[in-house]
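Structure first, commentary second.
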Amino acid sequence: MSPRGVLFDMTSATRAALLLAVVAQACTYDEQLPQVDIRGTVVVPRAAATRYIVDDRTGQEAEVVDARFIGPVYLGAYSDIRYDLEAYPHPATGPIIGGELGNTYPYGGGTVGVFDFACYTSTLCKVVTGRYTDYASLLDFFSNTLKQPITDEQGAEVQSPDYFRTSCYDLFEYTEDNELLFLAGEDGLDFKENADGDFEAEFTMWRVNYHAGMKVWGWMDSPDTNFDFTTCDPSNGQSFTQYSATFTTGSSHIDLLNYPSNYIDIGDYVVNEPFELTYEDADAFRDAAPTFTLVYDFLVEK
Amino acid sequence: MSRLLLAVGFVSAFVACDRDSKQYFPQPVDEYPGVVDLGNFTPLTASEWLDPAARTDKSIYAGLGENANPGQWGGATFTFQGTGGTVCVIVDPEAVFWNTSVDVRSPADGYICEDNNYDDGDLDLEVGLSAYYNGTPGVSIGNFEQVYEDSLGNEVVFEANECQMIGFRGQAGAHAGRATPEFCAIDTSLHPGRDYTVLLRLWSVPADDFVVHYAASVVEIDGDDCSDAISAVAADPECVLQNEGTGEGFGALEELYCNGELDTLCTEPE
Amino acid sequence: MLRGLRREKMMKLFTMVRTLALMGVPMLTVSVGSVILGSGVAYAQTTGTIKGEVIDDAGLEVPGVLITVVGPNLIGGQQQEYTDEAGRFLFTNIPPGLYTVSAEKAGFGTKRYANQQVLIGKNTILTIEMSVKEAGADMDVIADRPAIDTESASRTTVLTKEFLERVPNSRSYQDAVGATAGVLAGGNPNMAGASYNENTYMMDGVNVTDPVTGTFSLNFNYDAMEQLEVITGAFDPEYASNLGGIINLVTRTGSNQLEFDTSVYYETAAWAPKMDARFAADGADLAPTDFDSQFSTMSFNGLISGPVVRDKAFLVVSYTMERSLIARVGIDLPRDYEGHYVYAKLTMQPTAANRFTVLSQIQPTTVDNTSQSNRFVKPEAQSRQAQGGIVASAQWDWFPATDVTVESKLTVQQNYIESGGVPCTHNKRLGYNPCEPDELENTYDFTTPGRLGINNAYNSGNFYYYQFDDRTRWRAESKVSALDQQIPFLSGDHDFKAGFEVDVLRWDRSVGYTNNIYYADWNRQPYDPSSFQNYYWVEASGESDVVAGGEHYGLFVQDVYQPIDNLTFRYGLRWDRSIMRNNFNEAVINFGVFGPRFYVIWDPFGDGKTKVSGGYGRFNGIGNLGIAADLNQSNGLGTKLFLGEPWSNYTNSSAYNYSLNPPDNTNTVHDALTAPHSDEFSFVGERQVVQDLVFGLSFTSKFTRNVYVFDETNVIWDEMGYGFIGTGDGQVENRYRLRTPSLSRRDYYQTDTYIRRNFADRWLAQATYSYVVSRGTVLDGNSTALAVAPQAEYAYGNLETDVRHQVKAQLAWDVPNDPWTTRLGASLEYYSGYPITRYYFSAGYGGSALLREPVGTYARLEPTYYANLSISQAIKVPKGQFRVEAALLNAINARQAVTVNGTYLYAQNRWSILYRQNLMTGRIGVSYDF
């Protein structure tokens, strides 16, 4: 009997054994973890994906709706949301120490989309995951929609997806496109247009400390006219040295959920009605496994 | 040979089992307790601060020894009342003058300067409302950690030390090393008249005498940081509070340093 | 504790790099006793039994036959008993070795069975045929040598002395176990898919596992081993509770004959082909490198054994001195290891019903120049380590009846590791750290900076601190065995056993910093005195003294039930209670768990030549002090690091160039912690094809759950687990929590196909092919593999024990040129490489390396293969004999990578190779014994 044959022969036994082991274990151990993964759907209004772009040829301003305008969406779980602290709904804060802003002490959080370095410093803090299918999509958006063509480290415009790929592989020593976070592929885009014309996406908040009565709230960081984001820190992230150039890849600020008002500015969309989780404890939440929709409908105007 | 090795082996094995490290650490010094409370301190006014004699007279000059309880923090505490404005709190442990004597490692690249590498102690500065300080003054050293309970009853330990320094890698809770002065601007406008505690946490004592001598002070300032107050009296924080060290020749060396004449002690590498 | 024997292993240990140690010198040999029989009666795992029955011409049992067992190792003199009504006989607690069994009865002939080998924990089963037709005759019987163990379900291999000395290896017990199927050899081998720190090590039945790390703790004179027992699974409850395997080395017992054995070996790689040029292009730094490392080692071994009182008291004393020098390319000072291993065992049997054994081992060792990873380290910045320990044990075996044994034992084990800078010397030639005139040689002066040699010298990675680390285990255990028992109204025989064990553990560790600074060049660039660039120091606050402790209690009952001759049930239950505390006396590990076992063994033809067995067992990991110490609360001490640049900024954040390691341990433990455990299902089929030759097939599936793991409770991650967006308590720090989630798991499958030719007629051979699949989320005992929540989605994948194809083969032949007795030996091992998990840097704060790769696209290291050859020649002299040995180890000098550093993708290197296969070395040795 060949060794491979032996392995195949044992598969059913293996399954039985695995089942027995799982059953035996289920009888003996319940970890009762106080953390839960919270899943649901975020909805951002169509306006958040809408820009008015001046057509170079006609000089006319045209409305462009494109999910690629949607910035990173942040979610946090908090003890309470108050409407008197800022000009928009804002989590309750803890003590003020030394005149500094109070900390919100979030129970957990998550995002839809993260900043990722798209291999050229000209894209630093401008590329969010889940928004682009491939290299061509990125090149097209920056060149034709934003009118901010991507340039390489020598300042030359990047026009070829193949050149784009080569640059990425050289920089990161990657060998497959799926190693690059910012390329989502055809099926990996986060946001899809719904029946109302708004955009929605699924989210997961990993391992949130569960407290009965906590509220899920968040905001979407809208890029400014130059397509810059306030929640991205260009000096954060991994440091790279390539040839003689040293640069960082940029990433989100590390205290976004603790001090959201430091980062929320005009044009961002905030959750007006947070979702309250009323299950008695984490086990009850897990049993129910609820999903819910969070609407980012409060436009920050001042 | 075998017999000798056997004998050595047996002795080594048994002796080694009983070794510990106690004898290798700095020992407490009777005259300088490791935990002291210096009482209340009145912040200096701007004019007092600018007057060298008054600055010296009204500032704290003291020493700390190793804590008699190994493994527990030592340090000094004192309090001041919130002025309603901003104050600058500064502490300068002996000694370190940033000369280049440390680089005998590579004499081809550096200078050789006279210095005593072993007279540098270190204190770390923390300041906060006394109500938040959880140590027992004069008995044990604590910190400014307190518990906040949110509306759902969740408790979070938070840091109420208002003298937060950010480290090289961006993390909070950093402190300067090796006898370097530390200072912080404290805004007392929300709590005028309330007690603030200044904690000088003993990080290490110098190797030469196991006592770290230091100077400390609190001064009223106008801005929101210490820069003006410091630059008004010295080009270097090391020279704001002088003569904190008691070792032989300390004052003269510090004076050379503060006058920018330290190089006179240096020789070019061979 | 650490020890150092082989260069690769020691380096790995020194650098604290966990490695899959495929390398090691390929050791071979699998248990090929001249007689391997029924197993199961694992008395203290240090002795075996002789049992059987006497039948007549008609196949009927013959009672009243006088059975005599004689052998040089048999303390108490010859043993005799008459067969019972069923014609059966049983001799228990027989020290391993060769015996002659004779049977005599009036009216029958006398029969003698010579060279019956007793193996540790095994039954030597004889069926003696006597005939009235042979009355008066006196016959030496050449019996069949049954090669199959028809009563055992455990996957046990016993390496006998004969095989250990014939098959070439690096002369260490850790390497030797690598010859066993499913074992990845190394200083701390991985056994049956378990982590390197989940095995149990025993010396003469005494548990000598490091109580802190769960690793090996002692070195041993290779020549003093009588047998080496390697158990990789399906073992009975009486054995220790663990998730891995058991390595039990049993030393010589001594005999009525005075024996003396001494040897000297020298091994060197000086003439091995140079490899630097060949590997220069693979991306690793060439200096320092271990491609063309310098390596030499010398050992002196001595052993004397004999009777103190004839038949009543035997003494064995053994000593080994080993010194090895290792230097990587570019390193001036070789790592200098010198160990002295002294072992003594006194066995006394003053009466037939009482046996006492007292043993002790000490092993003072020093390791100089332990820093071998940085060529900038200066002599005065080097560090030294002293290590060693003592094991002392006293055992009383009481035999109230022939088939009943009460065995009780007290043990103390203490290990120490002390490390620090270079002590002073009066040797002016060395030129550094001179002692003061009134100081003793080798005095450590921690109170005067500079005297340790760490001041002003480049010493990145150096011990700028020192530590005194003592680890202690006190153990008491007792076991009652009643064999061959019958229960009324129930046919068949039972072997009952029950026992308890108590361990009290303690870890006392002082770490100090040499008050208070050292300087180094962080960037390996010249220091610029005008700007303070490229310069840093570390200063520390003093002493940290940590004491952790724990207890473990074990109880077991078991039975081996044979309702009919060719069917055996082995079943039992083990209970373990484990409490491991941190330095604040908080019980981090605290549970009581059961481990049931049930196995069936069937000899379908009843001829002792075929076996089919299978069963289930649950094995629990009782933890160790090291895991508890992860939750140690700091005494508020730590280190500061200063980097470059002067103080310049006058704001509150002006401490920009300074950082302080948080003094408080922020690790916590989850309330619901359970015991890691394996559910193991096994199947074995064996058939003796021809005399001495066995063909076998075995399959093991092992499901390990609830392995210790840390998760992270403070940081709030983005959806990718790539960067973080907030913190729960506002402090930008990771806070870890110890858990045993079901998600922390390993699934392991192993299929072995093997043939085994027992040693007989001058030769032995064995070949094993194993196909292995090892997958899971975490391998090591306490890992941070599940720290980042989103990563857990992807983390299940191949583990480092996933070495799919493993081939092991050994051959030894005694050339028939008597009286010259030339011996030839060879071994070969092949491993098909193990998976490298690809990690990616997080874009978030701190740049942690995080897993972000779905299952199935792991890279693999290249296969590795090893070959050893040896030849030895005996030269007889009037008193005893000399033996000259020459061996070529790692004859295939492939130098493939066996350990990689940080399996992440970083900058220009996909990964960097830490260690490669051993250099090819040659060894010559001379021994003399009588």
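Separation of the alpha carbons by more than 29 angstrom is noted, of C:Lys609/C:Lys876; C:Lys702/C:Lys808; C:Lys51/C:Lys409; C:Lys51/C:Lys161; C:Lys161/C:Lys409; C:Lys51/C:Lys479, for C:Lys609/C:Lys876. Sorting the segments B:251-261, A:205-215, C:706-716 by their residues' average number of neighbouring beta-carbon atoms within 10 angstrom, most packed first, yields C:706-716, A:205-215, B:251-261. Give me Rg/Rg_expected for region C:50-144, where Rg uses Cα atoms only and Rg_expected = 2.2 N^0.38 Å with N residues. That works out to 1.02 for region C:50-144. Packing, taken as the mean count of other beta carbons within 10 Å per residue, orders the peptides C:558-569, C:209-220 from highest to lowest as C:209-220, C:558-569.
Applying 1/(1 + (r/R0)^6) with r as the Cβ-Cβ distance of A:Thr151 and A:Asp66 and R0 = 25 angstrom yields a FRET efficiency of 0.70.
Of all lysines in the structure, the ones whose alpha carbon falls short of 17 Å from that of A:Lys147, not counting any fewer than 8 places away in one chain, are A:Lys126. Here the spin labels are modelled as points 7 Å beyond Cα on the Cα-Cβ line, and at C:Glu862 and A:Lys192 they lie 4.8 nm apart. Counts of other chain beta carbons within 10 angstrom of each beta carbon in peptide C:311-322 average 1. If the chain linking C:Val877 and C:Arg88 were pulled fully straight, counting 0.36 nm for each residue of separation and taking away their Cα-Cα distance, it would gain 279.6 nm. Taking label points 7 Å from Cα along the Cα-to-Cβ direction, C:Leu824 and C:Val926 give a separation of 2.6 nm. For the residues of A:208-217, the average number of beta carbons from a partner chain within 10 Å of their own beta carbon is 2.
A simple spin-label model places pseudo-atoms 7 Å from Cα toward Cβ; at B:Leu190 and B:Val147 they are separated by 2.2 nm. Shielding of peptide B:205-214 by partners, expressed as the average count of other chain Cβ atoms within 10 Å per residue Cβ, is 2. Full extension of the chain between C:Tyr796 and C:Ala137 gives 230.3 nm of extra length, using 0.36 nm per residue less the Cα-Cα distance. Rounded to the nearest 20, the size of the Cβ-charge dipole of region C:50-144 about its Cα centre is 340 debye, with Lys and Arg at +1 and Asp and Glu at -1. With the highest mean first, a sort of the peptides A:72-79, C:334-341, B:87-94 on other beta-carbon atoms found within 10 angstrom per residue produces A:72-79, B:87-94, C:334-341.
Between the listed residues C:Pro63, C:Ala114, C:Val132, the Cα displaced farthest toward the positive end of the dipole of region C:50-144, a dipole computed from Cβ unit charges relative to the Cα centre, is found at C:Ala114.
Applying 0.36 nm per residue to the separation of A:Asp224 and A:Thr41 and subtracting their alpha-carbon distance, the gain on full extension is 63.4 nm.
FYI, it's all coordinate maths here, none of it is from the lab. These numbers come from a predicted model, not from an experiment. For neighbour counting, all protein chains shown are included, and Cβ atoms are generated from backbone atoms with ideal geometry for every residue, glycine included.
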